[in-house]
1. Across bins of 10 angstrom width beginning at 0, how are the C-alpha pair distances of the stretch A:162-217 distributed, in whole percent?
2. How large is the accessible surface of A:MET82 in square angstrom, using a 1.4 angstrom probe and rounding to the nearest 10?
3. To one decimal in nm, how far is B:THR222 from the same spot in the other copies, if labels go 7 Å from Cα toward Cβ? Please give the shortest first.
4. How many percent of the alpha carbon pairs in the stretch B:375-475 exceed a separation of 21 Å?
5. How about the stretch B:53-127: which trypsin sites (Lys or Arg not before Pro) there are in a DSSP loop, with at most 12 other Cβ atoms within 10 Å of their Cβ?
6. Computed over the Cα atoms of the stretch B:56-192, what is the convex hull's projected area averaged over all directions, in nm²?
7. Compute the angle between helix A:10-19 and the longest alpha-carbon principal axis of chain A, please, reported from 0 to 90 degrees and rounded to the nearest 10.
8. If you take the accessible area of A alone, add that of B alone, and subtract the area of the pair, what total do you get in Å², probe 1.4 Å, to the nearest 100?
Number of protein chains: 2
Amino acid sequence: MTVRTRPLGAFALIVAAGAAGAQTPAPATLPAEVQQTVERLIAAGLADRNGYAIIEDLVTRVGPRPAGTPAEGRAREWAADMLRKQGFSDVRVEPFTTTSWQASRETAQITAPFAQPLVIAALGGSPATPASGVTGEVVRFTSLGALRAAAPAAVRDRIVFIDEVMVRAQDGAGYGAATVKRRGCGSTARTLAARACLIRSAGTNTDRFAHQGWGASTAPETQVPSAALAPPDADTLARAVARSAGPVSVRIDIQTQYSTTAPSGNVLAEVRGRDQADQIVLAAAHLDSWSLGQGALDDGAGVAIITAAAKLVNDLPRKPRRSIRVLLAGSEEVVGSDSGGNAYRDAHRNEMHVVAAESDVGDGRVWRLRSRAAGGALPQLRLLQRALAPLGVLPGDNGPTVGGGSDIGPLVATGVPLLALNQDASRYFDVHHTANDTLERVHLADLQQNIAVWAVTLYLMAEMDWDLRQAVDRR
Amino acid sequence: MTVRTRPLGAFALIVAAGAAGAQTPAPATLPAEVQQTVERLIAAGLADRNGYAIIEDLVTRVGPRPAGTPAEGRAREWAADMLRKQGFSDVRVEPFTTTSWQASRETAQITAPFAQPLVIAALGGSPATPASGVTGEVVRFTSLGALRAAAPAAVRDRIVFIDEVMVRAQDGAGYGAATVKRRGCGSTARTLAARACLIRSAGTNTDRFAHQGWGASTAPETQVPSAALAPPDADTLARAVARSAGPVSVRIDIQTQYSTTAPSGNVLAEVRGRDQADQIVLAAAHLDSWSLGQGALDDGAGVAIITAAAKLVNDLPRKPRRSIRVLLAGSEEVVGSDSGGNAYRDAHRNEMHVVAAESDVGDGRVWRLRSRAAGGALPQLRLLQRALAPLGVLPGDNGPTVGGGSDIGPLVATGVPLLALNQDASRYFDVHHTANDTLERVHLADLQQNIAVWAVTLYLMAEMDWDLRQAVDRR
């Protein structure tokens, strides 16, 4: 049976051209010895235990490691030590300064008419409440747009509650939509003279975990105190509002530390290429995490995937031609210009990056290859996707709007080609940014599929003389 | 195909006797009009929405309601109001005095060598730590027995960690085994001059929820401060102990309130029998809950099941002959002699209870009928089981060791027969006594099966002149 799917943009044209016998600008298969190495890497990736052990060690020895904290500093020490033991070259830490925000207390209760505690997580960048907390009548909206359209008198001196549900989606598209309220509530509520803002967590779980995450990107003093309710608590508050004949009041107590001059840093390591060492294949993940969980999936998994994959390539009998650089970025969870991705771009933009890719969707299996590369490179990308197909990777589109993550985003914006090894995000947002992000949530077989995909990808990008850079469209 | 299972004690004999054509002491079928009513109740139970709405209202208007607290008082008011609105007779509150214990703070951290926070729940009855917490080196054991066998010098001034896993079991048998350490750690550790006790939670989840529950039944001053670690945190601590060359230190901060003279109460309601009203079929569940969750499953579900089932019988065109009494007990979660079950026995032991049953395993489907009744009643119990068989209820054994729950236990110990409508506990201990015990965990279809089973059971026990009391074995 032949299954025909929707044409996938330029890839479909390539396939059609091939089928019609037209000229194809690249060989239709990999050289035999390269193909043998691909198969060897797939087998090694699918049997890998190194990646899981990396996460296990990180969450045991470091645990949560928020940007700009001493724990993030310990994570850098751990990472440099680990990368040296894995056998990489040129392991180093590149420090930079970041914004750091921490909540030392984050509690809430319905105070009337149906008194009971609520589980919350303060939003990153939120200002503190007075030490005695802030109490107010709840006014519920179903979106940030509805809050913006509200009559000021309906919001003034109240506590805003944006009760918008996040959509579960394989490609993670629900998250962007769900964070609109997270980014906008605190500042919009302040403009409308509200006392505080509560949002339904930007997550897909129904278990009682509140999601952390950065709120408004502006300074705390431009916002009201803001927090995310665990989904069951958002349900409870919504029912209380619906059942109460009179006002429903909530008390929120958030205490915070905030600094714009906290220390952070990126950790780098190399697989030195055998004859084109100045050409860099960049593989990125991030070291920092939110504070309530252990950052096992976000982004311990990414750290493990790119490290274990690069090690498989490093351990081949012969190094690939180009260099592979592992970037374990600091301060990824901070919204703004002082992230590890920005620091990396500033320090390394003049080097020759042939491609960049990032792993930051936990252990979700890679199901699709997308790219942001010159059109002339499509036959080579098709070869790469074919090499990954036995691992369950579909072809995706190529284009200037394909995104790849915060750690490489600033570099990619300078014109460096991007590979997006899209991970299945269906389950990821049940756990992401919650206290439940622990080792127990990591699926070994899913992690191994990622390691195999990444090992093949890094190897081919470093071994073949493919050039994805020509005519990159920067629209 | 015939499947032969292990003989089920006396029931097997009855079946065999019937098959052999021997005299059977009871009719083999229910009267036709009774059978019609049974079928009507099954249909109504499986379509019930009332039970779910009861839980929904309880968790919205009251939420957590620990024994002896004002919230439990509000739960009694809610229950009395709800039972009157459901149409029951003689709704009343019977107050009694109980022990109340609450934690106002419960935090822990690994302090060295791998500093990170741990998620804990203080054990009921635990003493407080000093306001600055207690810090000590961790010594790990895999059972209470191993702690008891330890050399005193290995435990003195340390923090004991009993890292024993709970077994998942359909009949809930893993829980009793898992609570051995919970009940014994605080007092055993004090005997051995330890500073504090940590146990792995008595639960089957791997999500990051710590299980609450009563520890030692003796006074706080006979124990050391004690808490349960969420399962991922027990894993983390165990890994830290395994990876550290030197000692692993933990800090615990538990602050508590404790009273032995707190107000509690039972709430009672009746379906008045049409001609044998003084004969009581007792249906029990409990009103109180632990503090971190909302008590939706434990025991909002039981409250909903017995109330909705009794209402279906109360709403029949003709009341049954005997009375059905709904007992919503207070203070069930308190270990000791001042529970609602004891208060009920003391106040009502001279009334004629023909049978007692209790619902306290959340929404788990009833899968088996066990009993503690006179041997002469086995044919009648077999009729009951056959009436429930379309709902998926197997026959179980009858005997003096069959237990039925804390709310009816003291009464049953006086010789009142017991029906145990065994619920499937496979999933229950993933949620029980945790912050995750919210409405979102309730499965409507499972709740409806329970309501149907209970409606049929209450109806038959109240309508038929079955006598389960004769020759009750009190061994």
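The values are calculated or read from the model by the stated rules, or taken from the named source; none is laboratory data. Predicted model only: the values in this text are computed from it and were never measured. Because the Cβ atoms are built from the backbone with ideal geometry, glycine has one as well, and the counts that use them run over all protein chains shown. Remember, those area values only see protein heavy atoms, side chains included, never the ligands or the DNA or RNA. Shrake-Rupley method; radii C 1.70, N 1.55, O 1.52, S 1.80 Å.
1. Per 10 Å bin, starting at 0, the Cα pair percentages come out as 24, 52, 21, 3.
2. 20
3. Between copies, matching label points for B:THR222 lie 6.2 nm apart.
4. Working: 2241 of 5050 pairs.
When all Cα pairs of the stretch B:375-475 are counted, 44 percent exceed 21 Å.
5. Values: sites: B:ARG61, B:ARG74, B:ARG76, B:ARG84, B:LYS85, B:ARG92, B:ARG105; in loops: none.
Passing sites in the stretch B:53-127 do not exist.
6. Details: hull surface 50.3 nm².
Its average projected convex-hull area is 12.6 nm².
7. 30
8. Numbers: alone 18700 and 18720 Å², together 34580 Å².
Roughly 2800 Å².
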